[in-house]
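See below for the structure under consideration.
What follows draws every value from the coordinates through simple rules; no lab data is involved. Since we're looking at a predicted model, the values are computed, not measured. Note that each Cβ is placed from the backbone with ideal geometry, even for glycine, and that neighbours are counted across all protein chains shown.
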Amino acid sequence: MPNLLVVAHAPSDNTRVLRDAVVRGANHPDLSAITLRVKAPLETGPDDLLWAQALILGTTENFGSMAGLVKDFFERVYYPCLDQTQGLSYALYVRAGNDGTGTCMAVERIITGLRWKPVQPALLLAGEFRPEFLTRCEELGQAMAAGLDAGIF
């Protein structure tokens, strides 16, 4: 069974419901052939990444970049996983109060060094919180799980 890891920084009610929407999509009843692990960045280590065949990473936009705990996650897993996770399929979603471009660039710069493969462009959830953000996150989780289930990733 393929393994999907969701690492989401969710410090607020809004970001928690976004994470939960990703998980709801990944747990779609038609996609029972995957194993899902959901963790906060601070609780995630190299063993979690080595376990996964795909990753969904969620972060907030903080001061025009990724959340500090997401950067900490990358600092702890980068070298232990560098050679072993090349080609890992991933998706990124960003909850941004502004435009989120600096956040995406910061995350993607690190991921380029890890040589992971994006399955789609980053999902930017920018500006005032809107209910459509939940739908888009649920679709992201479902698409990633379906890709794993079908052997695409």
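Cut-off 10 angstrom, C-alpha nodes, Gaussian network model of the chain. Which of GLY64, GLY113, GLY87 fluctuates the most?
Result for the chain, Cα springs under 10 Å: GLY113 fluctuates most.
Roughly speaking, what is the centre-to-centre gap between region 111-153 and region 30-54 when only Cα atoms are used, to the nearest Å?
Between the Cα centres of region 111-153 and region 30-54 lies a distance of 15 Å.
Any idea which of ALA122, THR59, VAL77 is furthest toward the positive side of the dipole for the chain, if Lys and Arg beta-carbons carry +1 and Asp and Glu beta-carbons -1?
VAL77
Give, as a single signed number, the net charge of other residues whose beta carbon lies under 12 Å from the beta carbon of LEU123, with Lys and Arg counted +1 and Asp and Glu -1.
-1
Taking N as the number of residues in region 68-153, what is its alpha-carbon radius of gyration divided by 2.2 N^0.38 Å?
1.17
Name the long-range amide H neighbours of VAL6: under 5 Å, sequence gap of 5 or more, or other chain; modelled H, no Pro or chain starts.
For VAL6, whose amide H was placed from the backbone, the distant partners under 5 Å are ARG37, VAL38, LYS39, ILE56.
Before rounding to the nearest 500, sum -39500 (n - 2.57) across all DSSP H runs of length at least 4 in the chain and divide by the residue total; then give [θ] at 222 nm in deg cm²/dmol.
Mean residue ellipticity, 222 nm, calculated: -13500 deg cm²/dmol.
What is the dipole size for region 3-149, taken about its Cα centre, with +1 at each Lys and Arg Cβ and -1 at each Asp and Glu Cβ, in debye to the nearest 20?
That gives a dipole near 140 debye.
Which peptide among 8-16, 89-97, 143-151 comes first, and what is the full order, when sorted by highest mean count of other Cβ atoms within 10 Å?
Per-residue Cβ counts within 10 Å, averaged per peptide and sorted highest first, yield 89-97, 143-151, 8-16.
Ratio of alpha-carbon Rg to the 2.2 N^0.38 Å globular estimate for region 1-149, to two decimals, please.
Its radius of gyration relative to the 2.2 N^0.38 Å reference: 0.95.
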